[in-house]
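Notes follow once the structure below has been shown.
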Amino acid sequence: MTGATGRWQIVGAACITRQPVVCPPLTPIEQQYSEDLIRTQFLKSGDAEDIDLEDAAKQTAVEFADACEEELRTFKASLPEPGTNHEWVLPQTPWVPGETLRQTCERVVRESCGDDLQVKFLGNAPCGFYKYKYPKNVHQEEFIGAKVFFFKGQVRDTSGSVQLGEDIAEHQWLTQDELDDKFKQSYAKSVSQFLVSDQ
């Protein structure tokens, strides 16, 4: 801790949310309706005698599940792995004098996710806060730790792709339960206070 003056570094972090892409399993009524639609389409097409409707319904369900899994694999959010301890955190960057904390978060989204991901931030005030001390081997000369201010943003256009920044090891879109598994417990608790539950 030599050289540290006891000051805290101000950091802006972006919690980016989007509408779910994957669908929940069909209810029995929805499943029956789907099968009836398939049956009606086959009867109208004139090929009904040649096709087993039960196999067609199963194949369609399998294709749908595969398409959902592929979409989930290809569209994931940006969560950097900074530092040497490889703990997952939301995209974050130090505040620069002259910019607002919201501008800091807008900058971290551009730097972490690229310009294609269109994110709208909700308000000018932080929605959450987390404070931690830097590890002794990573101590920055003038700071003893970071005070992280979270801002919540929503993806406006899901067709935009994520282009990882230089310091980003991996990114994922995750449910709140999955976030709890990825994050350190105290960090997850701070994040969960401003997220609406998935359930």
Which is over 14 Å from the mean Cα position of the chain (by Cα) and touching a residue at least 60 places away in the same chain (Cβ under 8 Å), of 193, 185, 154? 193
Do we have any residue at all in the stretch 173-181 that's buried (at least 17 other Cβ atoms within 10 Å of the Cβ), assigned to a strand (DSSP E or B) and in contact with a Lys or Arg (Cβ under 8 Å, 6 or more places away or on another chain)? no
At pLDDT below 80 and not small (Gly, Ala, Ser): does that describe residue 191? no
Scan the stretch 134-144 for residues that are assigned to a strand (DSSP E or B) and modelled with pLDDT under 80 and jot them down. 140
Within the stretch 124-133, considering residues that are assigned to a loop (DSSP other than H, G, I, E, B) and touching a residue at least 24 places away in the same chain (Cβ under 8 Å), the one surrounded by the fewest Cβ atoms within 10 Å (Cβ to Cβ): 124
Which of the residues belonging to the stretch 70-106 are aliphatic (A, V, I, L, M) and at pLDDT below 70? 72, 77, 79
Subset of the stretch 145-171 [modelled with pLDDT under 85 and within 22 Å of residue 132 (Cβ to Cβ)]: 165, 167, 168, 169, 170, 171
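The values are calculated or read from the model by the stated rules, or taken from the named source; none is laboratory data. Fair warning: this is a prediction, and the values are worked out from it, not measured in the lab. FYI the Cβ positions are ideal-geometry reconstructions off the backbone, even for glycines, and counts take in every protein chain you see.
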